[in-house]
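A short worksheet on the structure shown next.
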2 protein chains.
Amino acid sequence: MQLNDTETAFMEYVNKMEAFNEALQLIYWDMRTGAPKKGVKQRSEVIGVLSNEYFQMSTSEEMAAFIANLSVNKGELAEITQSTLAECKKIYDRNKKIPPKEYKEYVILQAHAENIWEEAREKSDFGMFKPYLQRLVDFNKKFIEYWGYKGNKYNTLLDLYEPEVTVETIDKEFEILKEAIIPLISKISDYGSHPETEFLYQPFPKAKQKDFSLKVLEQMGYDFDAGRLDETVHPFATGLNPGDVRITTRYYDDDWRMAVFGTIHEGGHALYEQNISSQLIGTPLCNGTSMGIHESQSLFYENILARDRSFWEYNFDVLKEYAGSQFDHVSLDEFYRAINKAESSLIRIESDNLTYSLHIIIRYEIEKGLFNNEISVEELPKIWNDKYEQYLGIRPRNDAEGVLQDVHWAAGNFGYFPSYALGYMYAAQIKNAMIKDITDYDRLLKTGNLKPIKEWLTKHIHHFGKTKKPLELIKEATGEGLSAKYLTDYLVKKYSSLYNLNSEI
Amino acid sequence: MQLNDTETAFMEYVNKMEAFNEALQLIYWDMRTGAPKKGVKQRSEVIGVLSNEYFQMSTSEEMAAFIANLSVNKGELAEITQSTLAECKKIYDRNKKIPPKEYKEYVILQAHAENIWEEAREKSDFGMFKPYLQRLVDFNKKFIEYWGYKGNKYNTLLDLYEPEVTVETIDKEFEILKEAIIPLISKISDYGSHPETEFLYQPFPKAKQKDFSLKVLEQMGYDFDAGRLDETVHPFATGLNPGDVRITTRYYDDDWRMAVFGTIHEGGHALYEQNISSQLIGTPLCNGTSMGIHESQSLFYENILARDRSFWEYNFDVLKEYAGSQFDHVSLDEFYRAINKAESSLIRIESDNLTYSLHIIIRYEIEKGLFNNEISVEELPKIWNDKYEQYLGIRPRNDAEGVLQDVHWAAGNFGYFPSYALGYMYAAQIKNAMIKDITDYDRLLKTGNLKPIKEWLTKHIHHFGKTKKPLELIKEATGEGLSAKYLTDYLVKKYSSLYNLNSEI
């Protein structure tokens, strides 16, 4: 075949893979939003067939031939083909290097481990889960050997979620975070004046929570012709293609924040997927470039923008229209302080905007230790609890509120946790760059005019999909490499002021 | 390969085809129930890939080899394999006999024709649509030659929707229907005492219509753990697998009957699909056996059961709980007569339970004439209008309320219409057989206890899926071949009484 013909055939092949993938994503969405439970068994067969089809295509001899033939004259290919080829090669290598028999065993182990983990967490019994976790860790250690590694072994796992971000980088930035946040938390705990929050926890009809959430999504620039909002137990966003990016949220009667901040968070993810260049549709590049960059978009909107006083200067009155009387005697400042309350707690997903990163850092340090043989699975509960005491000043009383709280390890997702804190750092750094261009950022928030913010993000982040790696993207968007400085500056300034610690810092 | 191995490999191959099919069905459901419009373009690509995959598998050399190898020792195969093989062979032959180039042209023509038809109907201009219809007819005439035919050429098209039911059979039964219904309609029109219906058309909140519809579905035995009810412009039922059979309905503020009878209709279809033997899951046999038998289930519930006085003896009070005051001064008899009003009208989908079959018979006679070269496309509007005048006593004033009203021909679905009337005949015949076993049928309706009825239908109809052909199924369920007698008896008795025509008949 001519190079041109091979290129066309390759892109058609990839389009087909992505079609299977989109069908799969729709099935997952459907299963989480209300598929009848008796149909699930057969639906799992369907998932099996489609996943297998995708996997086979990603590792087929045809794919190997495409990679070999197109790599020779890479420079003559269209840019999108080049990036697609690189992505396909990465997936090919990753999938080909694990012996199929071992991979199958691992998939079965994962399924078992999740079930056991659920029971172990319920019983708060790490001992039950330990042998499964040990095997999951051992498998991943073997995978690291198969896949190879540069520098630290754990880098190989990090690369699954945050390509090209290494232990060296993370160690340095997480150290900066710890140095700023740990003393700040202890000062708040010792001297801080704590906000009143009782008025937050009042009955707020679900339908009204939804209406307000929709208002905010609209302000953010979420395109309702390219998405929809549904209700699920665990909120999520899923991008089937840029014209169909769906989000879900959950409603708590006595805590409207769950739905509203949850919707804003998923809305941040959704804006990313809705605004990826349409040229990338049908390729594996039509996705967020990494977990961390994805999280930067959700956390920018949820933690930074939607917890800004200026945002509520506009939206507090809007909220009151939907809320009934619970805020009648609450000032904007009281409200603002309440939704920004910081307090050490044991459960990551319930933690506040200040302490959140420490939860992540603890998990990162443990994973890094595990894969460098410096920590054994046996010791995990103790090390976990020690670190919570050291960084957050509180100690879990049992495994359920300690080492067993997250599903990630049971699912074999080692290397995933750091993305959350990376995302937060990226978010603060991105905001810092954004306000150099959008000099009236505060005024926009105060007038509910958030579209220019979305446009800036689309231009500098969303648009590129997976064509740029995270650090390259951050460098181009902000003018420098990843830096924890912007997040620490933001947190120190914000929380010192909120807790009247100015004199102390 | 050993026969056993070949059989296993064949069933795995078929399972995979059905997995693609289930994914496709879910995508269609999703597109009709709220998929964001901007995602549709890419979703169509996904449909293209999955449909093509299914089509390729159904006509592959591998499939040809399965058919050849397994046919040799057919008798030694499991029964399900035998039926699956026969079904696959049928599809293989059908798909293989049309030259791919012609089929592709035909698919493109279909898409164009539907668009043109929509515009032509809007403008009430048959001339616009005529050349497209001519080409669709010509294509189907060619297909008949490719596929071959026994007896009447039109039999080949009928067989697509109602396997093994022929012109000979239909001519005979439709004649019986005409002889009973046409004079009955004219008597009603001349001497009948017409019911009051104004109280039907009162505002009825949508949410309440839905609640009442759900009540009735529950009575029918619809399994909500294996289904769900959504809202769409065009109601439908879709069986993804027996554990996931979804229905939709639509709500008219001033006519609750649309939602309620629509839900019951789709519920009838859904009971069929929910109760197919689980042994057939993953095979092409896990479907209703024909359009006509499917329609017999929906029409039995919608037209026969839910328009029975006994049904409302129980449900009229239930309806009133949801309805507000519109029925406060309406007696059960007045209500019963109102929902059974019969009156000739021009539009098939708005027609009543008595005149409905005539709309179908007209279309059948026209299609039969077209494919036997006795009617030309040119003459259609005139022939259509003449037949309406002759059978129903009213004449369309234009093409929109005449020959252009249905989408079926624009979609190339010739041979489909008869299933509607066949379904109605089957339904009356099935009821007649059922009440021999369920001797307290009336009492069950009067007490809202409809489950035994569903169980009877499951045992005699649903359970078999596609393992029995329609006439075989009807013979076994009712003890005789298709007979219009039960429907005509039912209609004559019911409408003579409703319209006080007893002395006239």
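The values are calculated or read from the model by the stated rules, or taken from the named source; none is laboratory data. Please read these numbers as outputs of a predicted model, since none were measured by experiment. Here Cβ is always computed from backbone atoms with ideal geometry, including for glycine, and neighbour counts include all displayed protein chains.
Worth pointing out:
- Test for residue A:497: is it over 16 Å from the mean Cα position of the chain (by Cα), assigned to a helix (DSSP H, G or I), more than 30 Å from residue A:111 (Cβ to Cβ) and modelled with pLDDT under 95: yes
- Segments classed as helices (runs of 4 or more DSSP H), wholly inside the range B:245-337, with at least 2 members that are surrounded by fewer than 23 Cβ atoms within 10 Å (Cβ to Cβ) and without any contact (Cβ under 8 Å) to a residue 12 or more places away in the chain: B:309-323
- Condition met for residue B:242 (within 14 Å of another protein chain (Cβ to nearest Cβ) and out of contact with any Phe, Trp or Tyr (no Cβ under 9 Å at 6 or more places or on another chain)): yes
- Inclusion of residue A:346 among residues that are touching a Cys at 6+ places or on another chain (Cβ under 7 Å) and assigned by the TED database to the domain that holds residue A:233 is not warranted.
- Residue B:78 being touching a residue at least 60 places away in the same chain (Cβ under 8 Å), of a type in the set (Gly, Ala, Ser), within 18 Å of residue B:4 (Cα to Cα) and exposed (fewer than 13 other Cβ atoms within 10 Å of the Cβ): yes
- Residues satisfying the stated conditions in the range A:2-41, i.e. touching a residue at least 24 places away in the same chain (Cβ under 8 Å), aliphatic (A, V, I, L, M) and more than 23 Å from residue B:44 (Cα to Cα): A:3
- Here residue A:233 meets each of (1) at pLDDT below 95; (2) in contact with a His (Cβ under 9 Å, 6 or more places away or on another chain) with one exception, condition (2).
- Scanning the range B:41-56 for residues being of a type in the set (Val, Ile, Thr) and within 7 Å of chain A (Cβ to nearest Cβ) gives a total of 2.
- When residue B:445 is tested against (1) more than 21 Å from the chain's Cα centre (by Cα); (2) at positive phi, only condition (2) is not met.
- Hits in the range B:186-226 (condition: of a type in the set (A, V, I, L, M, F, W, C) and at pLDDT 95 or above): B:199, B:200, B:204, B:207, B:212, B:214, B:216, B:217, B:220, B:224, B:226
- Residue list for the range A:51-61, restricted to those being assigned to a helix (DSSP H, G or I) and either surrounded by 13 or more Cβ atoms within 10 Å (Cβ to Cβ) or outside the structural domain of residue A:84 (by the TED database) (or both): A:51, A:52, A:53, A:54, A:55, A:56, A:57, A:58
- Qualifying residue in the range B:27-49 (condition: within 14 Å of residue B:91 (Cβ to Cβ) and at pLDDT 95 or above): no
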